[in-house]
Each structure stands twice: as structure tokens, then as C-alpha cells.
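What follows is a set of notes on a single structure, which appears directly below.
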């Protein structure tokens, strides 16, 4: 019973960590897209 609870807690922590990493990656990608965006033609 304790092992299953520990496993569930570890799985939840892994999902949370993966979600955070994905969010950081998307934010960094958006920042780079904005920084390297082509200048509008006049």
C-alpha cells in the first residue's frame, strides 16, 4: 500500500515537472520568435 502511494506521488511529481519544463520551453521559443522576428517593410 505504501509503495503504491509512493509510486503515485512520484508519478504526479514527474508529470508536474514535465509540464513545467514544457511551459518554460514554449516561453523561451516565443521569446526567440519575437527577438528574431523579421522587421516590417516600410
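What follows is calculated from the coordinates using simple rules that are stated; it is not laboratory data. Computed from a predicted structure; not experimentally measured.
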Discussion item. Among [x] 2.09; [y] 1.48; [z] 1.97, only one was calculated for this model; which label is it, if the read-out is Cα Rg over 2.2 N^0.38 Å?
Written reply: [x]
Worksheet item: Which angle from 0 to 90°, rounded to the nearest 10, does the C-alpha axis of helix 2-35 make with the longest principal axis of the chain?
Response: 0 degrees
Worksheet item: Mean residue ellipticity at 222 nm from the helices of the chain, using -39,500 (n - 2.57) per DSSP H segment of n ≥ 4 over the full residue count, to the nearest 500 deg cm²/dmol?
Response: -29500 deg cm²/dmol
